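Novice: Quick one: the structure is below, and I'll ask about it shortly.
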Amino acid sequence: MFVTTIKDQVAVEAAIAERAWTTVFGSLMAAVAVCFPRRDSRMLGRTMTRGMLMELERRNCWTLAQALGHDGPYLLQHFLARRLEP
């Protein structure tokens, strides 16, 4: 790929970094998937982890729910309160 400007170079590097981050994050989530026996809990765990990695001033169920587009914190609170069986 031929890069003509610094702006193009930054865009290419950002795209490469995003792809690499997505790959590593997917591998991590696959490694811990065994901890979540149900698909919905795996997906919520993945979503909550992404939320915890966001740049937020505060991280609690309310702010995470808002940042993730949820109606309220109740789904996240329920997820955290659930006991995972070994």
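Just so you know, all these numbers are worked out from the coordinates, no wet-lab data involved. Everything numeric in this text was worked out from a predicted model, so none of it was measured. For neighbour counting, all protein chains shown are included, and Cβ atoms are generated from backbone atoms with ideal geometry for every residue, glycine included.
Novice: Is it the case that some residue within the range 22-31 is touching a residue at least 40 places away in the same chain (Cβ under 8 Å), out of contact with any His (no Cβ under 7 Å at 6 or more places or on another chain) and part of a helix (DSSP H, G or I)? Give the derivation first.
Specialist: To start, the set of residues in the range 22-31 that are touching a residue at least 40 places away in the same chain (Cβ under 8 Å) comprises none.
No: zero hits.
Novice: Within the range 33-78, restricting attention to residues that are among the charged types (D, E, K, R) and surrounded by fewer than 12 Cβ atoms within 10 Å (Cβ to Cβ), which residue is farthest from Trp21 (Cα to Cα)?
Specialist: The first filter runs over the range 33-78 and keeps only residues among the charged types (D, E, K, R), leaving 38-40, 42, 46, 50, 55, 57-59, 71.
Still in the running and surrounded by fewer than 12 Cβ atoms within 10 Å (Cβ to Cβ): 38-40, 55, 57-58, 71.
Values: Arg38: 25, Arg39: 22, Asp40: 23, Glu55: 16, Glu57: 22, Arg58: 23, Asp71: 28 Å.
Filtering first and then ranking leaves Asp71.
Novice: Within the range 1-21, how many residues are surrounded by 10 or more Cβ atoms within 10 Å (Cβ to Cβ) and not in a helix (DSSP H, G or I)?
Specialist: The number of residues fulfilling the criteria is 1.
Novice: Mind listing whichever residues of the range 32-56 are farther than 13 Å from Leu76 by Cβ, in a helix (DSSP H, G or I) and in contact with a Lys or Arg (Cβ under 7 Å, 6 or more places away or on another chain)?
Specialist: Matches in the range 32-56: Ala33 only.
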